[in-house]
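These notes are about the structure you will find just below.
Read-outs throughout are calculated quantities, based only on the coordinates presented, and are distinct from any laboratory measurement. Here the structure is a predicted model, which means the values were calculated and not measured. Neighbour counts run over all protein chains shown; Cβ positions are idealised from the backbone, glycine included.
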Amino acid sequence: MAVLDTFSLAGKVSVVTGANRGIGRALTTALAEAGSDVVLLVRDAAAGAEAAAEIEALGVRAAVVTADVTDLDSVNQAAEDAVAAFGRVDVLVNNAGTCVHRPALEVSAQEWQTVLDVNVTGVWNCAQAFGRGMVAQGSGTIVNIGSISAMIVNRPQQQPGYNASKAAVHQLTRSLAAEWAPSGVRVNALAPGYIKTEMAPVDNPEFRRHWIEDAPMQRYAMPAELGPSVVFLASAASSFMTGEVLVVDGGYTLF
Ligand code: NDP
């Protein structure tokens with residue numbers, strides 16, 4: 001197979017959680033541009049339908065399934081709905097996430113729990129629900145969206161729960177990769193640096209010094225700049241790679 005053909009996702013079915021906006025929306029577009037049919041796993045069905053219409057304009061099929069990733073029953077139902085729509089699932093991108101900026105002594109029990117529920121249990125729920133079908137069919141790729149926050153402590157904002165949750169995502173990635181490799185399922189993580197979304201207000205002056213000026217490339221990225229990396233991890237282009245964390249951060253973690 002010619003090298004660029006290994007990146008093709010033609011004939012594949014990909015599921016992206018949190019596909020309505022931000023990074024998830026951009027990753028969904030990238031997978032579709034690589035030829036994959038896509039299932040948008042979202043909480044807001046109306047917003048999902050709008051996003052799906054834009055995806056279909058790229059010439060692939062798109063379906064919307066609703067679930068809260070923290071709720072295992074709704075995730076299991078979404079996995080059934082995705083298979084009912086397109087017959088199988090080949091790629092899962094665990095993108096849904098949340099963050100709370102708060103000093104450790106002021107974080108409420110509810111805030112801690114929500115961050116862990118969405119970022120860790122949500123990834124777990126979806127990996128189990130969709131991984132079951134992948135293991136049964138003997139193939140599949142999972143891309144978990146981790147973070148540089150698993151590797152460094154961000155500043156100036158304090159976000160202890162988020163940092164801990166993303167470290168858990170990276171280690172869960174390795175654990176599932178080892179367990180499912182014999183079944184033909186690869187599991188990798190993508191760890192972005194600062195990307196302009198609602199979660200990361202990169203233009204806010206109070207963050208400029210540490211988020212931008214401290215970074216070797218001295219800039220943030222737009223979500224679309226992660227697209228090629230998710231296609232790489234989702235496709236046969238990364239066929240001998242599993243349990244890895246691909247860091248895409250403009251060099252942020254070098255210092
Ligand atoms: P956004 O806040 O823009 O989007 C978060 C997405 O997650 C939304 O689509 C949201 O859905 C969805 N979501 C949140 N909670 C749930 C839930 N319980 N069930 C289902 N969906 C949920 O964030 P980003 O796009 O910036 O972040 C995407 C991922 O990238 C996250 O995992 C984040 O941690 C990670 N990341 C982001 C970085 C950045 O700089 N932006 C850097 C490193 C990692 P809804 O629209 O319904 O609210």
So, R0 is 30 Å and r is the distance between the beta-carbons of Arg88 and Gln113; what FRET efficiency does that work out to, to 0.05?
0.30
If I stretch the segment between Gln77 and Arg132 completely, what's the gain in nm (0.36 nm per residue apart, minus their alpha carbon distance), one decimal?
18.5 nm
Calculated [θ] (222 nm, deg cm²/dmol) that DSSP helices of n ≥ 4 give over the chain, each run adding -39,500 (n - 2.57):
-11500 deg cm²/dmol
Dimensionless Rg/Rh of region 98-255 - Kirkwood Rh, Rg from C-alpha atoms:
0.99
Using the 10 angstrom Cβ neighbour count as an exposure proxy, how do Val115, Val42, Val3 rank, fewest first?
Val3, Val115, Val42
Of Thr121, Thr17, Thr98, which has the largest mean-square fluctuation in a 10 Å C-alpha GNM of the chain?
Thr98
Quick one: helix 122-137 against the long Cα principal axis of the chain, what's the angle to the nearest 10°, folded into 0 to 90?
20
Give, as ranges by residue number, the residues of region 151-171 whose backbone N falls under 12 Å from the point 7 Å along Cα→Cβ of Arg209.
156-157
Exposure proxy check: His210, His170 ranked by fewest other beta carbons within 10 Å?
His210, His170
With DSSP loop assignment and no more than 16 other C-beta atoms within 10 Å, the GluC sites (Glu not before Pro) in region 131-208 are Glu198
Can you pull the one-decimal nm distance between simple spin-label points at Arg219 and Gln157, each 7 Å off the Cα toward Cβ?
2.2
Between Glu33 and Leu105, Cβ-based FRET efficiency (R0 41 Å, step 0.05) works out to 0.35
Residues whose built amide H sits under 5 Å from the amide H of Leu92, excluding neighbours closer than 5 in sequence, are Val15, Thr141, Ile142, Val143
Rounded to the nearest 10, the angle in degrees between the Cα long axis of helix 160-180 and the longest principal axis of the Cα atoms of the chain comes to 30
Tilt, helix 22-33 to longest principal axis of the chain (alpha-carbon atoms), in degrees rounded to tens, equals 30
For Val248, residues with placed amide H under 5 Å, excluding near neighbours:
Ala191, Gly193
Karplus-derived HN-Hα couplings along region 201-214 (A = 6.51, B = -1.76, C = 1.60, θ = phi - 60°), whole Hz, x at Gly and Pro
x, 5, 8, 5, x, 5, 9, 4, 4, 7, 7, 10, 5, 6
For Asp44, put the label point 7 Å out on the Cα→Cβ axis and report which residues of region 80-102 keep their amide N under 18 Å from it.
95-99
Each label point is 7 Å from the Cα along the Cα-to-Cβ direction; what then is the distance between the points at Thr66 and Ala236, in nm?
3.9
